[in-house]
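Only the coordinates and a few stated rules stand behind these numbers; no lab work does. These figures come from a predicted structure and were not determined experimentally. Every residue, glycine among them, receives a Cβ derived from its backbone with ideal geometry; neighbour counts consider all protein chains shown.
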Amino acid sequence: MNLNKLIVIGSVNIDHILNVNEFPKPGETLKGSNYKISYGGKGANQAVAAGRLGANVQFIAAVGDDDLGKKFKQQLESDHIDTHTVAVVESKNTGVALILVNKQGENQIAIHEGANSAVTPEYVGQFEDDIIKANAVLMQLETPLQTIEHVAKLAKQNNTKVILNPAPAQSLSDDLLKHIDIITPNETEAEYLTGIKIVTEQDAQKASAFLHNKGINTVIITLGSKGAWVSYCGKGEIVSGFHVKAVDTIGAGDTFNGMLVTALLEGKVLNQAVRYAHAAAALSVTKAGAQTSVPTRNEVEDFIK
Ligand code: ADP
């Protein structure tokens, strides 16, 4: 068994980003500027973050049989990710996000799941052996929920650690929650899962107690620039983040999750792993983009000294 093996199961999206002065009204056509295509999807972002930051990553995902999807797969390989379980699905497009950003920095996003819908329990079932032998599996909520439920159960029964980043926010069954070892919502997602609006430390404590009661030992609620509420079996505290000049917070949570899991697999204790995750995420917000902003491990080590 490889002691450092991480399986990431999740989405791949091609982001098409366009800046506009104002969002177009229904029926209106407007000129945009700075058109960019970038690689995204929470699954791919977290796989890239973990891979670049030192984990031995196998990615279970699907792209379409279009050029962008195939190039994306090659790009993942150049980040040292094992992509033999990234399917190229005929007659489907790679997942797409169409993103308009206005002058205020607000965005409007429409997505099409495309090949991400092919990450079914049957597809992932082919790799049960890999999941059982891995040390940890990291998932998000942009691929079919039945798959996440299936994998969480299988992994938990076989002592593979289950880490769930419950993003984007959606409600989850008690049957899924009881198979999770570590959950990492942001404030919005924590409120969605627990019904508790996170304003004070007491709110974070209550929200984590709610999730502990569902059977999850470790609850980490990320709090943006304030850091994170970290609670293990009911004992919680704020672990502060790092002060940086934020340029673009897209993908901060993904970098946080990638570094967190990597550090835990290396044997770091929980709060130290969270510090590493804060450092990597803080460095990522100083640069634009999602995958392009993930720092190298050396950069994180220099920053954290
Ligand atoms: P998400 O990106 O999923 O919405 P958060 O906004 O809570 O999640 O951010 C995740 C993590 O990224 C934080 O816990 C922190 O480590 C880091 N982070 C986010 N924003 C900043 C910031 N402005 N300055 C420093 N670190 C940040």
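Quick rundown of the values:
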| quantity | calculated |
| --- | --- |
| Cross-link pairs 226/305; 70/305; 153/268; 133/197; 133/226; 226/268 - those with Cα-Cα distance over 31 Å | 70/305; 133/197; 133/226 |
| Lysines with Cα under 20 Å of residue 71, excluding same-chain neighbours fewer than 8 positions away | 36, 42, 92 |
| Segment 240-277-segment 156-197 distance, computed between alpha-carbon centres (Å) | 18 |
| Inter-label distance for residue 149 and residue 206, nm, one decimal - labels placed 7 Å from Cα along Cα-to-Cβ | 2.9 |
| Antiparallel DSSP beta bridges within the chain, as percent of all bridges there, nearest 5 | 40 |
| Largest to smallest principal axis extent of the C-alpha atoms in the chain, angstrom | 53, 44, 39 |
| Ranked 189, 22, criterion: other C-beta atoms within 10 Å, fewest first | 22, 189 |
| Compactness index (Cα Rg / 2.2 N^0.38 Å), segment 200-268 | 1.18 |
| Cβ-derived FRET efficiency at R0 22 Å, residue 171 paired with residue 90, nearest 0.05 | 0.10 |
| Most mobile of 105, 43, 54 in a GNM of the chain (Cα contacts under 10 Å) | 105 |
| Size-normalised alpha-carbon gyration radius of segment 85-169, reference 2.2 N^0.38 Å | 1.31 |
| Share antiparallel - DSSP beta bridges, segment 57-207, percent rounded to 5 | 35 |
| Computed P(r) (all Cα pairs; segment 1-54; 5 Å bins; percent) | 4, 16, 16, 15, 13, 11, 9, 7, 5, 2, 2, 1 |
| Where Rh is the Kirkwood radius over Cα pairs, Rg/Rh for segment 73-231 | 1.00 |
| Cβ-based net charge around residue 46, under 13 Å, with every Lys or Arg adding one and every Asp or Glu removing one | -1 |
